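The following block contains the structure, expressed as structure tokens.
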Amino acid sequence: MLGAQRKDHLREILRRDGRVVAKDVALDLGVSEDSIRRDLRELSDAGEMVRVYGGALPVPPADRPVDQRTSLATDSKERVARRAVELIAPGSTIVLDAGTTTLAMTRMLPHGADLTVITPSPAIALAVAEHSAARVVMIGGELARFSMVASGPLAMEAVQHLAADLFFLGVTGIDPVRGLTTGHLDDAVTKRAIAARCARTFVLGSEEKIGVTSHFPVLDLDAVAGIVVDPRDADPVIDELAQRVPVLR
């Protein structure tokens, strides 16, 4: 079987089963597991699937460009945002990560001027300024086109001079085994750096992110104070997560 045919076969397995197990495909096709792993790596590099140990998984919906995520699980994000805002104490300094759930949070923030909001996202900064009297501090750096957030060396330098009470972290995958993941390497590095400068980190877990794995690890589950989930989400994966980390509904 030619390489192009193998890749078509792998695409079909992923579409049908929701996962690819490299050793099983190699056995079925009578080819080496190295050949299948190479095909999976090339498909992953092309953005068609996510490579994981032993095989591959679908690309998470939350890994789409930011302009395509605005209409994804909007009701779930609103409920997660409402619960997350309840964690903000008067006079806090918080970091709002980029993302559509944190954007929903900006419309619900306390209105007092004693709140300080730090963010790497121009969209979040503008929304906070529009909807609250909070002090707004932006993390500068090169604007990543895909996620529309500041990243790179300048952003990393700025992060080292910050300190905050809470970090509301946005990721694209939340899985009991693989932890917290995102689709872009620079984003993963920036998120880790911000978390290291905050007293507590809470993950925002709307329904489309639960049980999903993206390309790049951000943090282990035991590195965060909790995961804020949709109170209406009955996904059994949430029960598995609750065995590892506090889950807030």
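Bear in mind these aren't lab numbers, they're just calculated from the coordinates by the rules spelled out. Please read these numbers as outputs of a predicted model, since none were measured by experiment. Reconstructed Cβ throughout: ideal geometry from the backbone, glycine too, with neighbour counts over all protein chains shown.
Using 0.36 nm per residue, how much length does the chain from residue 234 to residue 146 gain when fully extended, once their Cα-Cα distance is taken away?
28.6 nm
If each of residue 161 and residue 34 carries a label point 7 Å out from its Cα toward its Cβ, how far apart are those two points in nm?
The two pseudo-label positions are separated by 5.1 nm.
Ranked from highest to lowest mean number of other Cβ atoms within 10 Å per residue, what is the order of the peptides 43-56, 25-38?
Working: 43-56: 16.6, 25-38: 14.8.
The most tightly packed comes first, giving 43-56, 25-38.
Identify which of 221, 103, 162 has the largest mean-square fluctuation in a Gaussian network model of the chain, with springs joining Cα atoms closer than 10 Å.
Looking only at 221, 103, 162, the largest GNM fluctuation is found for 162.
Arranged from highest to lowest average of other beta-carbon atoms within 10 Å per residue, in what order do the peptides 133-146, 177-190 appear?
Those peptides, ordered most packed to least, come out 177-190, 133-146.
For the chain, modelled as a Gaussian network with Cα springs under 10 Å, which listed residue fluctuates most, 99, 18, 170?
Sorting by GNM fluctuation, first place goes to 18.
Here's something else I'd like to know. Skipping prolines and chain starts, which residues have an amide H placed within reach, meaning under 5 Å, of the one on residue 142, given they are 5 or more residues away or on another chain?
151, 154, 155
What value in Å³ per residue do you get for the convex hull of the alpha-carbon atoms in the stretch 80-235?
Output value, Cα hull per residue: 94 Å³.
Under the rule of at least 5 residues apart or a separate chain, name every residue whose amide H is placed under 5 Å from the amide H of residue 244.
For residue 244, whose amide H was placed from the backbone, there are no distant partners under 5 Å.
Can you say what percent of the DSSP beta bridges in the chain, counting only those with both residues inside, are antiparallel? Round to 5.
40
Would you check the chain for Lys pairs whose C-alpha atoms are within less than 29 Å, ignoring same-chain pairs closer than 8 in sequence, and give me the count? Mind dumping the intermediate values first?
Working: 7/23; 7/209; 23/209; 77/191; 77/209; 191/209.
The number of close lysine pairs in the chain is 6.
Would you kindly derive the ³J(HN,Hα) couplings of the stretch 201-217 from the backbone phi angles with the Karplus curve 6.51 cos²θ - 1.76 cosθ + 1.60 (θ = phi - 60°), listing them in order in whole Hz, with x for Gly and Pro?
For the stretch 201-217, the Karplus curve yields 10, 10, 8, 8, x, 5, 4, 6, 9, 6, x, 10, 10, 9, 5, 10, x Hz.
Here is a follow-up. 5 Å is the cut-off here: which amide hydrogens, built 1.01 Å from N in the peptide plane, fall below it relative to residue 218, excluding neighbours closer than 5 in sequence?
180, 181, 182
Run the dipole for the chain about the Cα centre, Lys and Arg Cβ at +1, Asp and Glu Cβ at -1, nothing else charged, and hand back the magnitude in debye, nearest 20.
Around 140 debye, computed over the chain.
Would the stretch 1-154 count as rounded, prolate or oblate if I go by the C-alpha gyration tensor, calling it rounded below 1.5 in a/c and otherwise prolate when a/b exceeds b/c, oblate otherwise?
Details: a/c = 3.64, a/b = 2.70, b/c = 1.35.
Taking the square roots of the gyration eigenvalues as a ≥ b ≥ c, the stretch 1-154 is prolate.
With the chain treated as a Gaussian network of Cα nodes joined by springs under 10 Å, which of 150, 234, 223 yields the largest mean-square fluctuation?
Between 150, 234, 223, it is 234 that shows the largest mean-square fluctuation.
Right, next: Taking the stretch 3-59 as the region of interest, what is the percent of Cα-Cα pairs per 5 angstrom bin, listed from the shortest bin to the one with the maximum distance?
Whole-percent P(r) values from 0 Å outward: 4, 23, 39, 27, 7, 0.
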